[in-house]
Amino acid sequence: MRAMHTSPEHPLLSTIVDDLATRGWSQQALFLPLELADALAAECRRRHAEGELNPAGVGRGAAQEVREAIRGDQIQWIDPGQAEACDRYLELMGNLRQAINQGLFLGLEDFECHFALYAPGAFYRRHLDRFRDDDRRMVS
């Protein structure tokens with residue numbers, strides 16, 4: 001696989017930061033290099049085939065529960081060192097976090113990423129990706 005060299009100063013990341021500043025959202029048709037997207041999809045399919053994905057829940061802590069009427073995907077969190085494609089993706093997302101911090105002065109200290117597999121007919125209802133009493137998820 002070809003290495004990806006996307007620094008926090010990369011023009012695409014600057015475009016995302018500018019979009020967030022002006023519109024509050026950004027949509028990019030080709031954010032990931034195709035070979036990385038393919039490698040991540042293959043990794044997700046491998047994990048699914050090996051039974052490593054779990055039904056996604058809503059809520060947190062003791063109140064977290066699986067509610068398929070709200071969310072029907074299966075997930076697994078991505079951690080460093082699991083696979084080369086995951087490490088490349090986490091590096092890109094880390095650079096995006098830095099670009100957002102530099103451009104919007106948000107002070108984001110960390111981020112989280114997960115695989116989400118939606119079987120035919122599965123969905124996730126529209127929602128705010130932030131808990132009312134927790135301001136850690138400032139950008140989603």
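Taking the listed residues L108, L92, L96, the one that is under 15 Å from the mean Cα position of the chain (by Cα), assigned to a loop (DSSP other than H, G, I, E, B) and at negative phi is L108, with no other qualifying.
Is at least one residue of segment 41-50 touching a strand residue (DSSP E or B) at 6+ places or on another chain (Cβ under 7 Å), more than 26 Å from H10 (Cβ to Cβ) and touching a residue at least 60 places away in the same chain (Cβ under 8 Å)? The answer is yes, given that some residue of segment 41-50 is touching a strand residue (DSSP E or B) at 6+ places or on another chain (Cβ under 7 Å), more than 26 Å from H10 (Cβ to Cβ) and touching a residue at least 60 places away in the same chain (Cβ under 8 Å).
Beta carbons closer than 6 Å, at least 6 apart along the sequence or on distinct chains, pair a first residue in segment 105-118 that is surrounded by 11 or more Cβ atoms within 10 Å (Cβ to Cβ) with a second that is in a strand (DSSP E or B) and of a type in the set (S, T, N, Q) for F115/Q76; L117/Q74. Scanning segment 1-24 for residues that are over 24 Å from L117 (Cβ atoms) and either modelled with pLDDT under 90 or assigned to a loop (DSSP other than H, G, I, E, B) (or both) yields R2, A3, H5, T6, S7, P8, E9, H10, P11, R23, G24.
Number of residues in segment 33-52 that are within 15 Å of C113 (Cβ to Cβ) and surrounded by fewer than 16 Cβ atoms within 10 Å (Cβ to Cβ): the value is 2. Can you confirm whether Q102 is under 29 Å from T15 (Cα atoms), more than 16 Å from the chain's Cα centre (by Cα) and either part of a loop (DSSP other than H, G, I, E, B) or in contact (Cβ under 8 Å) with a residue 24 or more places away in the chain (or both)? When the stated conditions are applied, Q102 passes them. Scanning segment 104-138 for residues that are more than 22 Å from G57 (Cα to Cα) and either aliphatic (A, V, I, L, M) or modelled with pLDDT of 95 or more (or both) returns L104, L106, L108.
Of all residues in segment 65-93, those that are under 19 Å from A42 (Cα atoms) have Cβ atoms under 9 Å from Cβ atoms of residues that are of a type in the set (S, T, Y) and not in a helix (DSSP H, G or I), 6 or more apart or on another chain, in D73/Y118; D73/Y124; Q74/Y118; E91/T6; L92/T6.
Of the residues making up segment 53-80, those that are surrounded by 14 or more Cβ atoms within 10 Å (Cβ to Cβ) and either touching a Cys at 6+ places or on another chain (Cβ under 7 Å) or polar (S, T, N, Q) (or both) are Q74, Q76, I78.
The values are calculated or read from the model by the stated rules, or taken from the named source; none is laboratory data. Bear in mind that the values here come from a model prediction, so they are computed numbers and not experimental data. Neighbour counts run over all protein chains shown; Cβ positions are idealised from the backbone, glycine included.
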